[in-house]
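Please treat every number below as a calculation from the coordinates, not as lab data. The shown structure was predicted, so the numbers you read here are calculated from the model rather than taken from an experiment. Positions of Cβ are backbone-derived with ideal geometry, glycine not excepted, and every protein chain shown enters the neighbour counts.
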Amino acid sequence: MELLTKKVKGAEDILPADSHKWQFVEELMRDEAEKSGFREIRTPVFEHTVLFNRSVGETTDVVQKEMYTFNTKGGESITLRPEGTAGAARAYLEHAIYNDGLPVKVYYQLTCYRYEKAQAGRQREFHQFGMETYGSADARADAEMICAANGIFDRLGVEDIRLEINSIGCKTCRADYTAALKEYFSANKDELCDTCLSRLERNPMRILDCKNESCKKVAAKAPVVLDYICGDCSAHFEKVKTFLDAADVEYTVNPTIVRGLDYYTRTVFEFVTDSIGAQGTVCGGGRYDGLIEELGGQPTPALGFAMGIERLLLVMKAQNVELPEAPTCDIYIAALGEAAEVKAFKLAQQLRQSSISAEIDIVGRGLRAQMKYANKINAKYSVVIGDDDIKNGSVKVKDMKTGETFDALLDDFVDIFADKFIEYGLGAVSELIGEDSDKLGQALLGSLPHGN
Ligand code: HAM
């Protein structure tokens, strides 16, 4: 029985009291992406397992330990996406989006699934916002990408977060580095976990992001990739820095960043904070110039990033970043009597059509209980309609904050109230009441011309 009312470990509910925070953050991210010409892409929650094996990489922690993989009844191996880059790249190729002209710029908001040890900031189902650009090898694309992520933190007012960048070179210069790593880790074999021992031959770079404590210790003293990159990669990295400087984006070069997924080349970056404990990487990304070709496409340089929305909200909470209040009902229409119920229902529909949020009783409460409910939901205004009011054609509007009331004609009520809301916004209407309640009362009564 207990399981019926228990969520699965590592998954979280986003409750009505919190969802407005998510909506606010998501809307801002969308806006930031759209401003730089990115358009939304939505891909399925599952893909063929082979896509992640090939792109994220066979020797990564994600593929080796963390994927939710299952066989369908038809015998296909399917995996719940552990990240968004692979699916977006698959869709880019499958639908030949490159035919629309390069560069192609997309963004996404999606749930991801990784079977990791759940803790603060690390979940098994989590949300990512990500952006990807296909078809540019230019350093300006790297800087544009980093600036977009930075812009999101800036606009949200997140301060205690630092941008760390690195270059991990191209396929060619990686060979020297891989050899150096092999030599170093071979000399420290005894300290490595079994998974890393197998990585030693196949992909020693992956040892650098193993979560095992003993491996982490050894990895901390390993050779750093920046010392091994070729002239072209080095020049590209310098250019990225020039453009970041031009945009006044602060960063530090951290030569130990290699990222945990296999597809990266050249620029990699992370936004890191100390304010949320061990899972301090809020955003990570970089270039992946070989991936599109690896998946069967033409050689196409590409790059992107993803940020974890849970981690972002944790940082915002830890740093007391202000978020908008939850929206509340604009007007509660209480009704007493059968004719009044019909009138209240009609008014509520009309107000909603005019973009004013209106609520009515739908459970059969008495007047007192209706008003109590109006208070409970923090309605900004309330109106009581009795059968007599319908005969008289006039109702009393109450400002629930100040308790002030004023009369309004029922027939014009929606139009005038809606006009005022649209023209001034609700805050201004409240102010008007505060300053001069007669003026608003008159406006609502229709004695002032529309638009005043
Ligand atoms: P990633 O570093 O694996 O990169 O994940 C990006 C972000 O997702 C992390 O910085 C973190 O905020 C969040 N995240 C990852 N795992 C978890 C988890 N278990 N619980 C909560 N949040 C998590 C990628 O996924 C790449 N696809 C990013 C990218 C896009 N690179 C190029 N384009």
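Potential lengthening of the chain between ALA118 and ALA339 amounts to 74.0 nm, from the contour at 0.36 nm per residue minus the alpha-carbon distance. Summarising the amide proton neighbourhood of ARG266: residues at separation of 5 or more, or on other chains, whose placed amide H is nearer than 5 Å comprise ILE168, GLY169, CYS170.
Cross-link partners for LYS372 among the aspartates and glutamates, with Cα-Cα distance under 15 Å and sequence neighbours closer than 8 places in the same chain left out: GLU359, ASP361, ASP399. Taking other Cβ atoms within 10 Å as a rough exposure proxy, LEU347, LEU409 sort from fewest to most as LEU409, LEU347.
Here the relative contact order of the chain, from alpha carbon pairs under 8 Å that lie six or more residues apart, stands at 14 percent.
The length gained by stretching the chain between ASN392 and ASN99 to full extension, at 0.36 nm per residue less their Cα-Cα distance, is 98.8 nm. A straight Cα-to-Cα reach below 19 Å connects LYS21 with the lysines LYS317, residues fewer than 8 places away in its own chain not being considered.
In plain terms, the residue of TYR107, TYR251 with the fewest other Cβ atoms within 10 Å comes first and the most crowded comes last, giving TYR251, TYR107. Straight-line reach from LYS7: which lysines have a Cα under 21 Å away, not including same-chain ones fewer than 8 places off? Here the lysines satisfying the reach criterion relative to LYS7 are LYS117. With a threshold of 28 Å on the Cα-Cα distance, the over-threshold entries among LYS105/LYS211; LYS35/LYS239; LYS65/LYS171; LYS73/LYS211; LYS346/LYS376 are LYS105/LYS211; LYS73/LYS211. Going from the residue with the fewest nearby Cβ atoms within 10 Å to the one with the most, ARG81, ARG30 rank ARG30, ARG81.
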